[in-house]
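K.L.:
Supplied in structure tokens, the structure appears directly below.
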Amino acid sequence: MAFGQGMTIQFKVAFSGLGETLIMVYGGQTSLPFEGLPKGRPISLYPEDVDYLKERIPEILRIAPESYNYLQVSANGKEINRTVHGTTAEFALMRTQVPRLGGRFLNADDVAKGRKVAFIGWKVAGDLFGSGDPVGSQIIINRIPFTVIGVLQKKIQDSMYQGPDADQIYLPFYAYRQIDNRRRINQVHIQPREAAQSKLIEARVRTLLGRKNRFDPDDRYALSFWNTIEDAKEGMAIFKGIEIFLGIIGALTLLIGAVGVTNLMYALAKERTKEIGIKLAIGARRRVIVQQFFLETLFVFAKGTFWGFIVAFNIVHIIRLAPINYDSFGIEAYLLRPEFSLQIFAAYMAILGVLVFLSGIFPALRASRSNPIESLRYE
Amino acid sequence: MIELQGITKVYKTGSQILEALRGVSLKIGRGEFISIMGPSGSGKSTLMNIIGCLDTPTAGEYVLDGDRVAGLSFDQLAAVRNRKIGFVFQNFNLLPYATTWENIELPMLFDGKNAHKRKKRISELLNAVGLYDWRDHRPSELSGGQQQRIALARALANDPPILLADEPTGNLDSRSGEEIMAILTELWKAGRTIVMVTHNDRIASYSQRIIRLLDGMVQD
Ligand SMILES: Nc1ncnc2c1ncn2[C@@H]1O[C@H](COP(=O)(O)OP(=O)(O)OP(=O)(O)O)[C@@H](O)[C@H]1O
Ligand SMILES: [Mg+2]
């Protein structure tokens, strides 16, 4: 059960590796004729669409354009090919671009002035500069030098495009235009003010860009959207499913535990039947017998709870110590981060506790009601 | 002191009905030393358990010290077993995980006696049965004869006026048996009422009177 909970939480962390709640808009091709225009027309996005949408859709919190191209990057005598992006400062806020200490992401000033600066992924940094700090160094892209201002910190990310963020290079949007002068942009990132508004924003983007580019707002293919909120819902559903599955396993474990405990207490009670008989024979009152059994049960239970807690807690923590390989996006990132839930543990122990109590106290009560000789005869 | 009137005990096992006692009537006076004898299965142990308030008869009247036993509650019976009757079993019935000291202490704990009184009495009893040096041992470390002496000491812990012993020497060699009988004789001389079950004529010869059982009935 700890694993299930851990997975759900880790999934949330990983998905927010891409950014909390995001809508990504891409160009497309019309699939419906509109106002006399044929279908099959390509629809592209342009830099001015960003301000156009921002001004007209108040539900948008942040919006950023993004263009990218696979380009040759050289520095430090090394040459590599990487995806180079042009975007604005808002992008960082949407896409959780956390810089390593001593660096920063692109800011509004960089973008407004078209400064020749670059923010690079930690793998790019490693490939070009080894373990040294690249901040302040120059990298050359398309014969234009850029100064590195920050390196992306490692993070778990399971949603991506163009490869993981670790391998990317970000430039201020207008500086990027100098090395890639295509007018159209690859995509627009939108962060809604509230996650619940994401569908509404999608519809309004369709309507507004449809009016501008003259396509049917109901045309599913004129623009395409990637809505992480909707995706997250699906992802969460899958992980909820896994959690429920693990929960069922947990419940089965509980059942096995309960059967075990009941058996144990029953065996204990049987074992003690003779002892109860002896005590009754030499004059123990009923209260003495029941009290003793109650204390014994409590003791056994407390001991069990204590060790159960220690063991479960430590297993969870030992597993959590295992390093996560952030470069791969396998299931281990989820399985290696089980959460120890005190509530679940408490609930588990409460159920077992009731069982222990019942299975402990009833045989004691029974033994102390019958004739002592019946308990004594028990071998 | 002990008065039984028409005591019967019926055991039902499945469809089998077994009459272990069939109308036993007897009187045992204060200070008597009685042996109960009879063949195996004649109901001796059943009778002893009823006298010792460990078991209840199916029918009949048992009056102990003027009290109708049938009218006593569970805890009143416990008090009778605790203070009025000491019971010695053939198989000792000592608590295995407790020391001899603790075994003897138990009836006094149930009686609520204070630590000082308990300590004094346990030392006294251990000395009387010659096992003071064994006070920290567990029953499993003792011989059968020694265990029975501890069981006897435990039965005497609260100084009961009646001592019941169901084949106290049955599991012992003759030397250990003689030791136990010597102690019982002492106790009787000190004024206790003693009822003992035995198969052995020599052991029975220590007593004043023999009650013979056959098929759940007293033979005259
Ligand atoms: N709990 C019981 N259930 C059924 N039958 C029993 C039970 N206890 C005793 N009996 C039967 O009652 C009869 C008398 O038993 P009891 O133990 O009193 O005999 P006993 O005279 O003590 O014999 P022994 O000399 O072997 O100890 C026996 O036939 C025995 O099988
Ligand atoms: Mg017998």
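K.L.:
Residues in the stretch B:39-66 that are on the phi > 0 side of the Ramachandran plot and either within 14 Å of chain A (Cβ to nearest Cβ) or modelled with pLDDT of 95 or more (or both): how many?
P.N.:
We begin by selecting, within the stretch B:39-66, every residue on the phi > 0 side of the Ramachandran plot; these are B:41, B:43, B:53, B:60, B:65-66.
If we keep only those that are either within 14 Å of chain A (Cβ to nearest Cβ) or modelled with pLDDT of 95 or more (or both) too, we end up with B:43, B:53.
Count: 2.
K.L.:
Name the residues in the stretch B:13-71 that are outside any loop (DSSP other than H, G, I, E, B), closer than 21 Å to B:Ile203 by Cα and within 9 Å of ligand 1 (Cβ to nearest atom), would you?
P.N.:
B:Ile36, B:Lys44, B:Ser45, B:Thr46, B:Leu47, B:Met48, B:Asn49, listed by residue number.
K.L.:
Can you list residue pairs whose Cβ atoms sit under 9 Å apart, with the first residue in the stretch A:56-69 being touching a residue at least 24 places away in the same chain (Cβ under 8 Å) and the second being in a strand (DSSP E or B) and among the small types (Gly, Ala, Ser)? Count only pairs 6 or more apart in sequence or on different chains.
P.N.:
A:Pro65/A:Gly86; A:Glu66/A:Gly86; A:Ser67/A:Gly86; A:Tyr68/A:Gly86; A:Asn69/A:Gly86
K.L.:
Separate question: May I ask you to list pairs of residues, at least six apart or on different chains, whose Cβ atoms are under 8 Å apart, with the first in the stretch B:73-86 being within 9 Å of chain A (Cβ to nearest Cβ) and the second being of a type in the set (Asp, Glu) and part of a helix (DSSP H, G or I)?
P.N.:
Between residues of the stretch B:73-86 that are within 9 Å of chain A (Cβ to nearest Cβ) and residues that are of a type in the set (Asp, Glu) and part of a helix (DSSP H, G or I), the close pairs are B:Asn82/B:Asp111; B:Arg83/B:Asp111.
K.L.:
Taking the residues in the stretch B:107-116 that are at the interface with chain A (Cβ under 9 Å from one of its Cβ atoms) and crowded, with 21+ Cβ neighbours inside 10 Å as candidates, determine which candidate is nearest to B:Gln148 (Cα to Cα). First the steps, then the outcome.
P.N.:
Initially, the stretch B:107-116 is screened for residues at the interface with chain A (Cβ under 9 Å from one of its Cβ atoms), giving B:107, B:109-111.
Now drop any that are not crowded, with 21+ Cβ neighbours inside 10 Å, which leaves B:107, B:110.
Numbers: B:Pro107: 16, B:Phe110: 21 Å.
For the stretch B:107-116, the residue satisfying everything is B:Pro107.
K.L.:
Does B:Ala98 satisfy the condition of being more than 16 Å from ligand 2 (Cβ to nearest atom), part of a helix (DSSP H, G or I) and aliphatic (A, V, I, L, M)? Before you say what the answer is, go through the steps one by one.
P.N.:
On the way: more than 16 Å from ligand 2 (Cβ to nearest atom): yes; part of a helix (DSSP H, G or I): no; aliphatic (A, V, I, L, M): yes.
Here the answer is no, as B:Ala98 does not meet what is asked.
K.L.:
Let me ask you something else. For the stretch A:36-136, which strands (runs of 3 or more DSSP E) that fit wholly inside it have 2 or more residues that are over 27 Å from A:Leu22 (Cα atoms)?
P.N.:
A:60-75, A:78-87
K.L.:
List the number of the failed condition for B:Val69; all other conditions in (1) away from ligand 2 (no atom under 16 Å from the Cβ); (2) away from chain A (no Cβ under 14 Å) hold.
P.N.:
Just one mismatch for B:Val69, condition (2).
K.L.:
If you don't mind, another one. Kindly provide the set of residues from the stretch B:170-220 that are among the aliphatic types (A, V, I, L, M), away from ligand 1 (no atom under 13 Å from the Cβ) and buried (at least 17 other Cβ atoms within 10 Å of the Cβ), ordered by number.
P.N.:
At the first step, the residues of the stretch B:170-220 found to be among the aliphatic types (A, V, I, L, M) are B:172, B:180-184, B:187, B:190, B:194-197, B:203-204, B:210-211, B:213-214, B:217-218.
Still in the list and also away from ligand 1 (no atom under 13 Å from the Cβ): B:172, B:180-184, B:187, B:190, B:194-195, B:203-204, B:210.
Passing the criteria: B:Leu172, B:Ile180, B:Met181, B:Ile183, B:Leu184, B:Leu187, B:Ile194, B:Val195, B:Ile203, B:Ala204.
K.L.:
Here's a check for you: in the stretch B:1-33, which residue that is out of contact with any Phe, Trp or Tyr (no Cβ under 8 Å at 6 or more places or on another chain) and of a type in the set (S, T, N, Q) is surrounded by the most Cβ atoms within 10 Å (Cβ to Cβ)?
P.N.:
So, considering only residues that are out of contact with any Phe, Trp or Tyr (no Cβ under 8 Å at 6 or more places or on another chain) and of a type in the set (S, T, N, Q), the one surrounded by the most Cβ atoms within 10 Å (Cβ to Cβ) is B:Thr8.
K.L.:
Follow-up. Within 14 Å of chain A (Cβ to nearest Cβ) and assigned to a helix (DSSP H, G or I), is that true of B:Leu126?
P.N.:
Working: within 14 Å of chain A (Cβ to nearest Cβ): no; assigned to a helix (DSSP H, G or I): yes.
Against the criterion (within 14 Å of chain A (Cβ to nearest Cβ) and assigned to a helix (DSSP H, G or I)), B:Leu126 does not qualify.
K.L.:
Please list, ordered by first then second residue, the pairs with beta carbon atoms under 9 Å, 6 or more apart or interchain, first in the stretch A:194-218 and under 17 Å from A:Leu22 (Cβ atoms) and assigned by TED's automatic domain parsing to the domain that holds A:Lys54, second in a helix (DSSP H, G or I) and of a type in the set (Val, Ile, Thr).
P.N.:
A:Ala195/A:Ile229; A:Ala196/A:Ile229; A:Ser198/A:Thr228; A:Ser198/A:Ile229; A:Lys199/A:Ile229
K.L.:
In the stretch A:81-115, which residues are among the basic types (Lys, Arg) and under 17 Å from A:Asn69 (Cα atoms)?
P.N.:
To start, the set of residues in the stretch A:81-115 that are among the basic types (Lys, Arg) comprises A:82, A:95, A:100, A:104, A:113, A:115.
Matches in the stretch A:81-115: A:Arg82 only.
K.L.:
Among the residues in the stretch A:293-305, are any assigned to a helix (DSSP H, G or I), modelled with pLDDT of 75 or more and within 14 Å of chain B (Cβ to nearest Cβ)?
P.N.:
Yes, because at least one residue in the stretch A:293-305 is assigned to a helix (DSSP H, G or I), modelled with pLDDT of 75 or more and within 14 Å of chain B (Cβ to nearest Cβ).
K.L.:
All but one of (1) away from chain A (no Cβ under 14 Å); (2) surrounded by 19 or more Cβ atoms within 10 Å (Cβ to Cβ); (3) of a type in the set (Val, Ile, Thr) hold for B:Thr99; state the number of the condition that does not hold.
P.N.:
Single failed check for B:Thr99: (2).
K.L.:
Filter the stretch A:267-292 for residues that are modelled with pLDDT under 75 and surrounded by fewer than 21 Cβ atoms within 10 Å (Cβ to Cβ) and give the result.
P.N.:
Listed by number, the residues that qualify are A:Ala267, A:Leu268, A:Lys270, A:Glu271.
K.L.:
Tally time: how many residues in the stretch B:35-67 are more than 17 Å from B:Leu164 (Cβ to Cβ) and β-branched (Val, Ile, Thr)?
P.N.:
1
K.L.:
Scan the stretch A:164-190 residue by residue and report those that are part of a strand (DSSP E or B) and not aromatic (Phe, Trp, Tyr).
P.N.:
Restricting attention to the stretch A:164-190, the residues satisfying the condition of being part of a strand (DSSP E or B) are A:169-172, A:185, A:187-190.
A:Ile169, A:Leu171, A:Pro172, A:Ile185, A:Gln187, A:Val188, A:His189, A:Ile190, listed by residue number.
K.L.:
What are the residues in the stretch B:155-181 that are closer than 22 Å to B:Leu64 by Cβ and not in a loop (DSSP other than H, G, I, E, B), if any?
P.N.:
B:Ala155, B:Ile162, B:Leu163, B:Leu164, B:Ala165, B:Asp166
The values are calculated or read from the model by the stated rules, or taken from the named source; none is laboratory data. Model, not experiment: these values are computed from the prediction. Every residue, glycine among them, receives a Cβ derived from its backbone with ideal geometry; neighbour counts consider all protein chains shown.
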